[in-house]
Amino acid sequence: MDHKDIDTSRRNFLASSVRLAAFSGLGYFGVKEVIKKQKLGDECLKLDICISCIEFDSGCSLPKAEGTRSREENSKHKHG
Ligand code: SF4
């Protein structure tokens, strides 16, 4: 085994380690979000109003968000 082979295998090892760490991190946050949603159920613990919440545009379906959407729709119909 020469220096080139050692460098290549070290680079491959580091790349694999970085990939593993990245996927582990994604998996951790994914599982954490699922657990959080299961715990919260239909409750929203955010103090924000829905319109200023980042979840609203991504289709949050909690009752508070649905209520905000229907109020927005009613407001649009009333004001043209
Ligand atoms: S959009 Fe959803 S998560 Fe955001 S404040 Fe409204 S109900 Fe809560």
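Miscellaneous remarks
- Among residues of region 53-73, those that are outside any loop (DSSP other than H, G, I, E, B) and either over 16 Å from the mean Cα position of the chain (by Cα) or over 15 Å from ASP42 (Cβ atoms) (or both), counted: 14
- Some residue of region 4-15 being outside any helix (DSSP H, G or I) and exposed (fewer than 10 other Cβ atoms within 10 Å of the Cβ): no
- Condition met for LYS64 (exposed (fewer than 10 other Cβ atoms within 10 Å of the Cβ) and within 16 Å of the ligand (Cβ to nearest atom)): no
- Count of residues meeting criterion [of a type in the set (D, E, K, R), surrounded by fewer than 10 Cβ atoms within 10 Å (Cβ to Cβ) and either part of a helix (DSSP H, G or I) or at pLDDT 90 or above (or both)] in region 20-52: 1
- For region 23-56, the set of residues classified as more than 14 Å from the ligand (Cβ to nearest atom) and among the aromatic types (Phe, Trp, Tyr) consists of PHE23, TYR28, PHE29, listed by residue number.
The values are calculated or read from the model by the stated rules, or taken from the named source; none is laboratory data. The model shown is predicted, which means the values in this text are computed figures rather than measured ones. All Cβ positions, glycine included, derive from the backbone under ideal geometry; neighbour counts span all protein chains shown.
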